[in-house]
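Notes follow the structure.
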Amino acid sequence: MDNCLFCKIAEGTIPSNKVYEDDRFLVFHDIEPAAPTHVLIIPKKHIPTMNDLAAEDAGLIGELHLVAREAAKKLGVAESGYRLINNCGPDSGQAVYHIHYHLLGGAKLGALVQNSNSHA
């Protein structure tokens, strides 16, 4: 896609701090890390959201998880633990509409969301 930030990063038009790259995937450091270790894992194929996956993308997504496992090993968080997150759509906080996963680790991670119920 012409205006997709992650497509531009994948093609090398916009620089990134790469952890891993092959012909189908790219793993790079997030520019606004939410944990000591925070990388983004993207397929080079442009797919806007999880809802846009087609049946033929099943293998790609399975492979993406294997890339995530290898990235966690390379980054030294595989043994201590890490979180793999995919945001889908505006209410999830998805900011770039190119499917991607956040791999976070390097510290004990807190709750995914804050409980909005107040028991005062």
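The values are calculated or read from the model by the stated rules, or taken from the named source; none is laboratory data. Owing to the predicted nature of the structure, the values given are computational and were not obtained by experimental measurement. So basically every Cβ, Gly included, is an ideal-geometry build from the backbone, and we count neighbours across all protein chains shown.
Observations
- The set of residues in the range 22-66 that are among the small types (Gly, Ala, Ser) and assigned to a helix (DSSP H, G or I) comprises ALA55, ALA58, GLY59, GLY62.
- Across the range 46-76, the qualifying residues are those that are closer than 13 Å to TYR97 by Cα and not polar (S, T, N, Q), and the one among them that is surrounded by the fewest Cβ atoms within 10 Å (Cβ to Cβ) is ASP52.
- Here ILE99 passes the criteria (1) exposed (fewer than 14 other Cβ atoms within 10 Å of the Cβ); (2) of a type in the set (A, V, I, L, M); (3) touching a Cys at 6+ places or on another chain (Cβ under 9 Å) except the one numbered (1).
- Number of residues in the range 17-45 that are surrounded by 16 or more Cβ atoms within 10 Å (Cβ to Cβ), touching a helix residue (DSSP H, G or I) at 6+ places or on another chain (Cβ under 7 Å) and not aliphatic (A, V, I, L, M): the value is 5.
- Qualifying residue in the range 91-107 (condition: at negative phi, in contact with a Lys or Arg (Cβ under 8 Å, 6 or more places away or on another chain), aromatic (Phe, Trp, Tyr) and at pLDDT 95 or above): no
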